[in-house]
Amino acid sequence: QRLKVEDALSYLDQVKLQFGNQPQVYNDFLDIMKEFKSQSIDTPGVISRVSQLFKGHPDLIMGFNTFLPPGYKIEVQT
Amino acid sequence: LPAPQLVMLANVAAVTAGEGG
């Protein structure tokens, strides 16, 4: 199923809320996405950065996985 | 690019960042 802009906004809100006391994490996530948009980093690069940034937050990682193309997935560490 | 939904998320993030959100 195709995700919409509303889903992206909702996900960004989720990240912002979860790191309400660590706004730098939210800003880092926005920076990663901007680097991807400008093609400074590719999909595997995004996956590497996001998996480090959201380590210990499996719900955010699983939410992020829904935006990844087929064949890509961040494994959740339990 | 083979990741249209990730591009969409990146576009939304860029707009959000631009708004200072």
- Honestly chain A on the Cα gyration tensor test (a ≥ b ≥ c root eigenvalues; a/c under 1.5 rounded, otherwise a/b vs b/c for prolate or oblate) is just rounded
- Note on the structure: Once phi for every residue in the range A:58-70 is put through the Karplus expression 6.51 cos²θ - 1.76 cosθ + 1.60 (θ = phi - 60°), the whole-Hz ³J(HN,Hα) values, with Gly and Pro written as x, are x, 5, 5, 5, 5, x, 5, 4, 5, 8, 7, x, x
- To the nearest 20 debye, what charge dipole does the protein assembly as shown have about its Cα centre, counting +1 at the Cβ of each Lys and Arg and -1 at the Cβ of each Asp and Glu? 140 debye
- Quick one: compute the contact order of chain A, relative version, from alpha carbon pairs under 8 angstrom and 6+ residues apart, as a percent. 24 percent
- Message: Which GluC sites (Glu not before Pro) in the range A:4-78 sit in a loop by DSSP (not H, G, I, E or B) and have at most 11 other Cβ atoms within 10 Å of their own Cβ?
- Response: A:GLU75
- Item | Sum of -39500 (n - 2.57) over DSSP H runs of 4+, divided by residues of the protein assembly as shown (222 nm, nearest 500) | -20000 deg cm²/dmol
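Computed from the coordinates by the stated procedures, all read-outs in this text should not be read as laboratory data. Note that this is a predicted model, so its numbers are computed, not measured. A quick note on method: Cβ atoms are made from the backbone with ideal geometry, for glycine too, and the neighbour counts reach across all protein chains shown.
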